[in-house]
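**Student:** Questions regarding the structure given below will be posed in turn.
The values are calculated or read from the model by the stated rules, or taken from the named source; none is laboratory data. Quick caveat: nothing in here was measured; it's all calculated off a predicted structure. Cβ sites come from the backbone with ideal geometry, for glycine too, and all protein chains shown count toward neighbours.
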């Protein structure tokens, strides 16, 4: 179970997403949903080679969908140890696993790789300067599943966030990873940046999804 993003937005009567920036796009599991719901363009970011290969192949078959292999955080050019998870990389993170090891005993973290980061602002500026300005200029939705590093990503996306109406993101209350941002602190940062929490769902493991909407989009004062 999760939050039905597009159904929720339609029920609210707000504008439909035009372009999606997905961080932690993995193998491209959500791409068909984006296409089916009228998302005309997008940038899909995944740092690991194996899932990126499939993601890239899928994006090549969809006009306006651009795949990028990189790690996004709040700094460009910083080297991170990326902790690799055994479930196809889906639980991999720049943060060390904590309660994740107990909650999901079948998922092992037995290796790591060194990656160099980019900010969302620098990445999208590069794409815009290299033939994808028409895609970058339509990005109004951020979709994130990056295992605890979501706030770091947002802190490197100040310019892009100015045009974003919706942020759909994984959130956690349990300490699945070391140093993850507490949920209420995340909400406070989003509120200060001009977004309001519209929906949140937590499962029995105390992680789930949240939908934040720009206050002006809902007719609310910043």
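**Student:** When the residues of the stretch 154-180 are filtered to those that are in contact (Cβ under 8 Å) with a residue 40 or more places away in the chain, in contact with a helix residue (DSSP H, G or I) (Cβ under 6 Å, 6 or more places away or on another chain) and in a strand (DSSP E or B), which remaining residue is nearest to residue 74 (Cα to Cα)?
**Tutor:** Residue satisfying both the conditions and the ranking: 169.
**Student:** Something else now. Regarding residue 194, is this residue surrounded by 14 or more Cβ atoms within 10 Å (Cβ to Cβ), at pLDDT 95 or above, within 20 Å of residue 76 (Cβ to Cβ) and touching a strand residue (DSSP E or B) at 6+ places or on another chain (Cβ under 8 Å)? Spell out the reasoning first.
**Tutor:** Numbers: surrounded by 14 or more Cβ atoms within 10 Å (Cβ to Cβ): yes; at pLDDT 95 or above: yes; within 20 Å of residue 76 (Cβ to Cβ): no; touching a strand residue (DSSP E or B) at 6+ places or on another chain (Cβ under 8 Å): yes.
When the stated conditions are applied, residue 194 does not pass them.
**Student:** A further question follows. State all residues of the stretch 70-86 that are free of Cβ contacts under 8 Å to residues at least 40 places away in the same chain, part of a loop (DSSP other than H, G, I, E, B) and either touching a strand residue (DSSP E or B) at 6+ places or on another chain (Cβ under 6 Å) or within 19 Å of residue 150 (Cβ to Cβ) (or both); if no residue qualifies, say none.
**Tutor:** 78
**Student:** Please determine, by comparing only the residues of the stretch 204-222 that are in contact (Cβ under 8 Å) with a residue 60 or more places away in the chain and under 19 Å from the mean Cα position of the chain (by Cα), which one is surrounded by the fewest Cβ atoms within 10 Å (Cβ to Cβ).
**Tutor:** Of the residues in the stretch 204-222, the ones in contact (Cβ under 8 Å) with a residue 60 or more places away in the chain are 205, 208-211, 213, 217-218.
Still in the running and under 19 Å from the mean Cα position of the chain (by Cα): 208-211, 213.
Values: 208: 18, 209: 20, 210: 22, 211: 21, 213: 24.
Restricting to residues being in contact (Cβ under 8 Å) with a residue 60 or more places away in the chain and under 19 Å from the mean Cα position of the chain (by Cα), the top hit is 208.
**Student:** What number of residues within the stretch 182-191 are crowded, with 17+ Cβ neighbours inside 10 Å and touching a helix residue (DSSP H, G or I) at 6+ places or on another chain (Cβ under 9 Å)? Can you show your working first?
**Tutor:** The first filter runs over the stretch 182-191 and keeps only residues crowded, with 17+ Cβ neighbours inside 10 Å, leaving 183, 186-187, 190.
After this cut, where a residue has to be touching a helix residue (DSSP H, G or I) at 6+ places or on another chain (Cβ under 9 Å) as well, the list is 186, 190.
Qualifying residue count, the stretch 182-191: 2.
**Student:** Enumerate the pairs (first residue in the stretch 112-126 and closer than 13 Å to residue 68 by Cβ; second residue anywhere and in a helix (DSSP H, G or I)) with beta-carbon separation below 7 Å, excluding pairs fewer than 6 apart on the same chain, so at least 6 apart or on different chains.
**Tutor:** Note: pairs meeting the criteria are 120/153; 120/160; 124/136; 124/160.
**Student:** Oh, and also: List the number of the failed condition for residue 28; all other conditions in (1) crowded, with 24+ Cβ neighbours inside 10 Å; (2) over 17 Å from residue 161 (Cα atoms); (3) in contact with a helix residue (DSSP H, G or I) (Cβ under 7 Å, 6 or more places away or on another chain) hold.
**Tutor:** Only one criterion in (1) crowded, with 24+ Cβ neighbours inside 10 Å; (2) over 17 Å from residue 161 (Cα atoms); (3) in contact with a helix residue (DSSP H, G or I) (Cβ under 7 Å, 6 or more places away or on another chain) is unmet by residue 28, namely (1).
**Student:** Turning to a different aspect of this structure: Scanning for something modelled with pLDDT under 95 and more than 16 Å from the chain's Cα centre (by Cα), does the stretch 18-34 turn up at least one residue?
**Tutor:** Here is the first cut: in the stretch 18-34, the ones modelled with pLDDT under 95 are none.
So far as the stretch 18-34 goes, no, none of its residues is modelled with pLDDT under 95 and more than 16 Å from the chain's Cα centre (by Cα).
**Student:** Please state which one of 56, 91 is in contact with a strand residue (DSSP E or B) (Cβ under 9 Å, 6 or more places away or on another chain) and modelled with pLDDT under 95.
**Tutor:** It is 91.
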